[in-house]
Structures are given as C-alpha cells and as structure tokens.
1. Would you please name the residue that is most open to solvent (accessible area, probe 1.4 Å), looking only at residues in region 46-72 that are within 16 Å of the ligand (Cβ to nearest atom), out of contact with any Leu (no Cβ under 6 Å at 6 or more places or on another chain) and more than 14 Å from residue 11 (Cβ to Cβ)?
2. If the requirement is being out of contact with any Pro (no Cβ under 6 Å at 6 or more places or on another chain), open to solvent by 10 Å² or more (accessible area, probe 1.4 Å) and within 16 Å of the ligand (Cβ to nearest atom), which of these qualifies: 106, 93?
3. Hey, can you tell me all the residues within region 158-179 that are within 13 Å of the ligand (Cβ to nearest atom) and either assigned to a helix (DSSP H, G or I) or open to solvent by 50 Å² or more (accessible area, probe 1.4 Å) (or both)?
4. Whether any residue in region 235-249 is among the polar types (S, T, N, Q), within 13 Å of the ligand (Cβ to nearest atom) and either closer than 23 Å to residue 195 by Cα or in the same structural domain as residue 114 (by TED's automatic domain parsing) (or both) is what I want to check.
5. Mind checking whether some residue in region 50-69 is outside any strand (DSSP E or B) and either assigned by TED's automatic domain parsing to the domain that holds residue 145 or charged (D, E, K, R) (or both)?
6. Among the numbered criteria (1) open to solvent by 30 Å² or more (accessible area, probe 1.4 Å); (2) modelled with pLDDT of 95 or more; (3) closer than 18 Å to residue 93 by Cα, which one does residue 23 miss?
7. Can you run down the residue pairs with Cβ atoms below 7 Å, 6 or more apart or on separate chains, where the first is in region 195-224 and among the hydroxyl-bearing types (Ser, Thr, Tyr) and the partner is open to solvent by less than 40 Å² (accessible area, probe 1.4 Å)?
8. Against the conditions (1) within 11 Å of the ligand (Cβ to nearest atom); (2) over 25 Å from residue 71 (Cβ atoms); (3) open to solvent by 10 Å² or more (accessible area, probe 1.4 Å), where does residue 203 fall short? Just the number, please.
Amino acid sequence: MSMVSGSTRVIGLLGDPVAHSRSPQIHNAAFAARGLDYVYVPLRVAAAALPAAVTGLRALGLRGANVTVPHKVAAAGLLDELDETAALLGAVNTIVVDQGRLRGFNTDVAGFARALAEVWGGPHAGRESPTADAEGSAAAPRALLLGAGGAARAVALALADLGLATTVVNRDLAKAEHLVETIVAARPRARLAAAPLIALDAALVGAHDLLVNATSLGLPGTGKVPAALADNVLRGQVVVDLVYGEGPTDFLAAARARGAGTVDGLSMLIWQAAAAFELWTGVPAPVQVMRDAAERT
Ligand code: NDP
C-alpha cells in the first residue's frame, strides 16, 4: 500500500463484525495494482450507530463504503438514492459518495452473475444436461436455489435476469414464497416457484441444471447442506456454494467428486468487489490481483 496522505481517497467497510473480512486485502491490493491513491479501511459499526456512520461518510469526505452483515437492509433506508437493483432488493452493499450525495448499489447480483459466467454456459454449452429429453435436446435451463435470505434474494434476481427458471427451496417456506413474489413483481416474465425443504429429493435435484447453496449451511458451527441435495448432484450439473472459507466446502467437494462443475463463494466475493471497485474508481478492476489477494488468507 502506498503512503496515506491528505489527498488519499478513503473507502470504509461498515459492518459488525469486520475483523474477519477479506475485503480490505482484496481492495488495497487492487488499488496498489492500479496505482490509485485510495485506501480501504474496516470500520466496526454497531447497529445503533449506523445512521451516524452513514451520514459521517459525507461529513468526513469518504469516497464510499461497502456495507456488510448486519447493515445491508438498514443502510438502504439511509441514502439519498438507490439504483434499481438495490431498491428492488431493499439492501445495499456498496455506497458511492458523489458530490455529497449518498448513492446505494447492490453488487452482489452482478457478483453472482459474473462468477457464474466463469463456468456456466447454459445447458447448450457442450455439457451433458441432466434435464435433456430422450432426443438429447435440452429444456430451458433451470436452477434450484437453496435459501431465501439476503444473499438468496440477490441470486434469485440474477437468475431471473439470466432467464433461468428457478425453484426456491427454504426451511421457512413463507420466506421462499415472499422472495418469489418480490422477484416476480419486479420481473413479471420471470419463472420462479417456492418449495419447502422437505421437498428436496433426487427427482427434484435431478430436474435442475444449476444448484445454488445460498444458506449459511456449511459455515463452521452451522449444519451441513442437506444430504438430499448434496448426495443427488449429477454429472453435468453446475453447483455454486456462496459459503467460503479455507478451500472448497464439503458441498462443493462432494459435487466435484460427482462430476459437477463448481463455482465457489470466493468467486462471487471477488466479482462483487470488482463491481464495487469500478463504481468508486471508474477504473477496470484487476480481477486476478483481487483473487490472489483473497486467497492469501
Ligand atoms: P441470511 O441470514 O439472510 O439467510 C440465511 C439463510 O440460511 C436462510 O435461508 C435460512 O433459512 C438458511 N438457514 C440457516 N440455518 C439453516 C438451517 N439450520 N437449516 C436450513 N436452512 C438454514 O444470510 P445471508 O443470506 O446474508 O447469507 C447466507 C450465506 O451466504 C452466508 O454464509 C454468507 O456468508 C454467504 N454470502 C456469501 C457471499 C459471497 O460473496 N460469496 C455474499 C453474501 C452472502 P430460514 O429462512 O429458514 O431461516
């Protein structure tokens, strides 16, 4: 990192906790690689202090911020304007301070789509589609999305915009139904359905081309991705796990062993960071530098 001076532009990370975050190493490596006089600083902010912290971005002349757990929803109500994606999701992960105006974005949607694009070419991309019919012609691509929390909402929007028909499976079925209603209200042509966790079985899993874990299952201290999903992955499917840590999660390792293509949570983290970097700086993100930095834990 170059020397911080009076002209250095400052980006904050507003969250609680923030000490574990890989975003400072990702962004500071990217600023250095592009020769930009920027610095990225984790700022632990308690929920009660969030309004003061957001107003303080303007008062202190910061260029912007990332927003992470647990503030993404609350931050959306504190800004001067939201882009279409942030407004639709009611959640912000990136703030840009533009001539005193606080502008909110949600780059998780683009982050997911760009990470997926590294592996996913749709069911016609030379893979053996598990949903191909007897003549071998593939049906419209279908995604099974496990989870209906904040991350799942961003994924569901990205999938709708990519034209995939999506089944949202969640422990709390009402939350899955609400997610489906929200996306369909904004994207009337989107094809989404909700299903309870108990509906997960080999037939349901096998009827989809893309399988996404957007729950916290797989994080240390939480449960495992249900066996009804992990044990029924088919060769030729693409599996995405938003959870990331050291190396592949158990779910991704099992999916790989079963012959699926895989996308890890670190890829989504890097691509959402790349989109935020571009909003703050107007400069193309050095994605490989960011990936290398993220992997240096
Ligand atoms: P939320 O708290 O908003 O949602 C949690 C989800 O996990 C809900 O669907 C919840 O189901 C489900 N869940 C939790 N515990 C269980 C359980 N024991 N059994 C079944 N389902 C369970 O969290 P987020 O959506 O913000 O984050 C989810 C994950 O995604 C986290 O691991 C987070 O780190 C990761 N993430 C990764 C990103 C990346 O860039 N790679 C970006 C954002 C998030 P229910 O509704 O029934 O409670």
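1. 69
2. Among 106, 93, only 106 is out of contact with any Pro (no Cβ under 6 Å at 6 or more places or on another chain), open to solvent by 10 Å² or more (accessible area, probe 1.4 Å) and within 16 Å of the ligand (Cβ to nearest atom).
3. Listed by number, the residues that qualify are 158, 171, 172, 173, 174, 175, 176, 177, 178, 179.
4. yes
5. In the first step, residues of region 50-69 are kept if they are outside any strand (DSSP E or B); the result is 50-63, 68-69.
Applying the additional criterion that residues be either assigned by TED's automatic domain parsing to the domain that holds residue 145 or charged (D, E, K, R) (or both) yields 58, 63.
Taking every residue of region 50-69 in turn, at least one turns out to be outside any strand (DSSP E or B) and either assigned by TED's automatic domain parsing to the domain that holds residue 145 or charged (D, E, K, R) (or both).
6. Condition (1) is where residue 23 drops out.
7. Hits for this filter: 215/146; 215/147; 216/243.
8. With respect to (1) within 11 Å of the ligand (Cβ to nearest atom); (2) over 25 Å from residue 71 (Cβ atoms); (3) open to solvent by 10 Å² or more (accessible area, probe 1.4 Å), residue 203 is out only on (1).
The values are calculated or read from the model by the stated rules, or taken from the named source; none is laboratory data. Only a predicted model underlies this, so the values are computations on that prediction, with no experimental measurement involved. Every residue, glycine among them, receives a Cβ derived from its backbone with ideal geometry; neighbour counts consider all protein chains shown. Protein only, heavy atoms only, side chains kept; ligands, DNA and RNA dropped before computing areas. Shrake-Rupley method; radii C 1.70, N 1.55, O 1.52, S 1.80 Å.
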